[in-house]
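One structure below.
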Amino acid sequence: MNVILSIKPKYAELILSGAKRYEFRKSIFSNKHVEEAYIYETSPIKKIIGVFNIGNIIRDSPNGLWNQFGHLSGMNEAEFFNYFQDIQIGFAIEIKHLVILDSPIDPRETILDFTPPQSFCYLKYSLVPECVAINGHIESRISSSGLALHDNRSVERGLPADPPGL
C-alpha cells in the first residue's frame with residue numbers, strides 16, 4: 001500500500017533539496033502497511049514530483065517533534081507551531097530513499113477521476129512502474145478503484161492525532 005501526500009510547493013522543494021528530512025502531519029495513516037509516499041506538489045504545479053520510502057513514523061507532542069526534528073523540518077519555529085496550533089499530538093514521517101522523478105506525473109492522466117487529496121490518499125498500486133516509458137509518456141492508467149481518498153469523501157480516515165476521550 002502506498003500514499004499520495006499533498007505538499008505545498010515551498011515544502012516539496014525543500015524535500016527535493018534534502019533540507020526537509022521529515023514530513024509532519026496532524027493525523028497519520030490507519031493502514032500500517034504503507035511503504036511509499038508520492039509527493040504531490042499542490043497548486044500551481046499539481047504534479048507528482050517524487051517518491052520516497054517511509055522510514056520511522058514518530059508520534060509526539062509538537063514540542064517533542066520540534067526538539068527532535070526542528071533542524072530537519074525545513075520550517076522555522078513559527079511556521080511549525082502555527083501548523084500544529086491547538087494540536088496536542090502530531091506525527092513526523094521520516095523521508096528515506098527519495099527518488100526525484102525526471103518527468104513529473106500528472107495524476108489526472110494516470111489515475112481516473114483523480115482529485116487532489118486534502119492531506120493524503122491511499123494508492124494500492126505503485127505509480128513508478130506505470131511511468132517507465134519512452135520519453136516519460138505514461139501509457140498505463142490506474143482505475144479509481146485503486147485510490148482511497150483521505151479527505152471529506154474518505155472511505156478510510158487516518159488515525160486522529162487526539163483520539164476522542166483521551
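Observations, loosely collected:
- The residue that is farthest from the chain's Cα centre (by Cα), counting only those in segment 19-48 that are surrounded by fewer than 21 Cβ atoms within 10 Å (Cβ to Cβ) and within 19 Å of residue 106 (Cβ to Cβ), is 44.
- Unique residue being within 16 Å of residue 97 (Cβ to Cβ), surrounded by fewer than 17 Cβ atoms within 10 Å (Cβ to Cβ) and touching a strand residue (DSSP E or B) at 6+ places or on another chain (Cβ under 6 Å) when the list is 5, 16: 16
- Count - residues of segment 55-94 that are part of a strand (DSSP E or B), without any contact (Cβ under 8 Å) to a residue 40 or more places away in the chain and surrounded by 14 or more Cβ atoms within 10 Å (Cβ to Cβ): 3
- Of all positions in segment 95-112, at least one carries a residue that is at pLDDT 95 or above, within 19 Å of residue 31 (Cβ to Cβ) and buried (at least 16 other Cβ atoms within 10 Å of the Cβ).
- Single condition residue 52 does not satisfy, out of (1) within 13 Å of residue 94 (Cα to Cα); (2) outside any strand (DSSP E or B): (2)
The values are calculated or read from the model by the stated rules, or taken from the named source; none is laboratory data. Remember, it's a predicted structure, so these values are computed and weren't measured experimentally. Heads up, the Cβs are rebuilt from the backbone with ideal geometry, glycines too, and the neighbour counts pull from every protein chain shown.
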